[in-house]
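One structure is given here, and the rest of the page talks about it.
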């Protein structure tokens, strides 16, 4: 390849040849497995006959959930009824021929079904077995069911989010699920690397509650030491100011000036030397202790002009600032266009993975599968002949592709 030639989109495929059996459901495990699929792994998404719950989550495009389109991208799909012994036999055959098994059943359920870590290792001693749960497999956590908002509520995140006086507020994105998926992907990558180095890892475990604490590490440490609850952050951060949203005459602005140097830039841009002379705002620590007073003072000045005027002045002074946008504006912004935020998958724009490899995005490997789309193909790979496959279909242990998802087209989605 010449120095000037661009590499293909899919150049970063370090997991080519690695097979992953994805028995996880909903969002955390499937998101992690999706990342691994984009990195070249052969991910086989195993679903129950009714399909993964995510298939039913609106909005829909061409009868398929957008959530499932994203979480299932790059995978092959197979339907196995794990309530039937014949289905367990097929699942066992799949685990025997996989490098990685990811499952997110309640702790103990996989063992009762006969497809826990011991059962997987009995047929495949080298398999990496990845447990995903809400609160872990310990005596207390194993009986606690969990979804993203439950974990946000449990770990105090809801009482840190929003403004003072507001009710408990969920962080709008599924931060804990998606963050757990990222840890799962990193864990598998680390384990594959360790195996190549001759130091294999047999099992990994990620609990959503672990992820929740990992995204509030310094707040959690401070609460552990002090016994005090952190204040609600609103649009900012209590350790620095100005570092939040403020109101110009026609729009909200986010001003990020957490250092003394940047604060001096704010004072120059606002042409407000009195702020610099006010002892309440003399240092980072002082401003953090007087957040409300500072907010009132800045809003009074910023309200005198439009947002564009202040953005120009603050930018000239070297102060980070942006207009607060709606998502519908952000997705069509120059930045989204410049960064190539969206990549088409099955004709639908999906947000790409946050990597540029040699300047190129990672290509979506294939669209998300229809329910049971690859069941017959995978059965053949596992060594089942036509008669055996027909018997599995006949008893309902395996289900082959349906024509469409059991969902209604939402024409409001482009």
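The table below gives the values:
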{"read-out": "Matching residues in the range 349-367 - criterion: being over 17 Å from the mean Cα position of the chain (by Cα) and assigned to a loop (DSSP other than H, G, I, E, B)", "value": "358, 359, 363, 365, 366, 367"}
{"read-out": "Some residue of the range 165-172 being assigned by TED's automatic domain parsing to the domain that holds residue 133 and in contact with a strand residue (DSSP E or B) (Cβ under 9 Å, 6 or more places away or on another chain)", "value": "no"}
{"read-out": "From the options 258, 217, 242, residue that is surrounded by 13 or more Cβ atoms within 10 Å (Cβ to Cβ) and free of Cβ contacts under 8 Å to residues at least 40 places away in the same chain", "value": "258"}
{"read-out": "Residue 284 being over 30 Å from residue 351 (Cβ atoms), surrounded by 17 or more Cβ atoms within 10 Å (Cβ to Cβ), in contact (Cβ under 8 Å) with a residue 12 or more places away in the chain and under 34 Å from the mean Cα position of the chain (by Cα)", "value": "yes"}
{"read-out": "Tally, over the range 93-134, of residues that are under 20 Å from residue 49 (Cβ atoms) and over 29 Å from the mean Cα position of the chain (by Cα)", "value": "3"}
{"read-out": "From the options 168, 200, residue that is in a loop (DSSP other than H, G, I, E, B), at pLDDT 95 or above and either in contact with a helix residue (DSSP H, G or I) (Cβ under 7 Å, 6 or more places away or on another chain) or over 22 Å from residue 38 (Cα atoms) (or both)", "value": "168"}
{"read-out": "Given (1) assigned by TED's automatic domain parsing to the domain that holds residue 44; (2) surrounded by 18 or more Cβ atoms within 10 Å (Cβ to Cβ), index of the condition residue 385 fails", "value": "(2)"}
{"read-out": "From the options 222, 293, residue that is surrounded by fewer than 16 Cβ atoms within 10 Å (Cβ to Cβ), outside any loop (DSSP other than H, G, I, E, B) and outside the structural domain of residue 319 (by TED's automatic domain parsing)", "value": "222"}
{"read-out": "The range 296-324 - residue that is under 18 Å from residue 238 (Cβ atoms) and crowded, with 19+ Cβ neighbours inside 10 Å and, of those, nearest to the chain's Cα centre (by Cα)", "value": "298"}
{"read-out": "Residue within the range 3-23 that is assigned to a loop (DSSP other than H, G, I, E, B), in contact with a helix residue (DSSP H, G or I) (Cβ under 7 Å, 6 or more places away or on another chain) and modelled with pLDDT of 95 or more present", "value": "yes"}
{"read-out": "The range 48-63, subset within 20 Å of the chain's Cα centre (by Cα) and not in a helix (DSSP H, G or I), residue surrounded by the most Cβ atoms within 10 Å (Cβ to Cβ)", "value": "52"}
{"read-out": "Test result for residue 369, at pLDDT 95 or above and crowded, with 18+ Cβ neighbours inside 10 Å", "value": "yes"}
{"read-out": "All helices (runs of 4 or more DSSP H) inside the range 73-134 with 2 or more residues being farther than 18 Å from residue 379 by Cα, in contact (Cβ under 8 Å) with a residue 24 or more places away in the chain and touching a strand residue (DSSP E or B) at 6+ places or on another chain (Cβ under 9 Å)", "value": "117-123"}
{"read-out": "Checklist (1) in a helix (DSSP H, G or I); (2) farther than 30 Å from residue 33 by Cα; (3) out of contact with any helix residue (DSSP H, G or I) (no Cβ under 8 Å at 6 or more places or on another chain) applied to residue 234, failing item", "value": "(1)"}
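The values are calculated or read from the model by the stated rules, or taken from the named source; none is laboratory data. The model shown is predicted, which means the values in this text are computed figures rather than measured ones. Don't worry about glycine lacking a Cβ; one is built from the backbone with ideal geometry, like all the others, and counts go over all protein chains shown.
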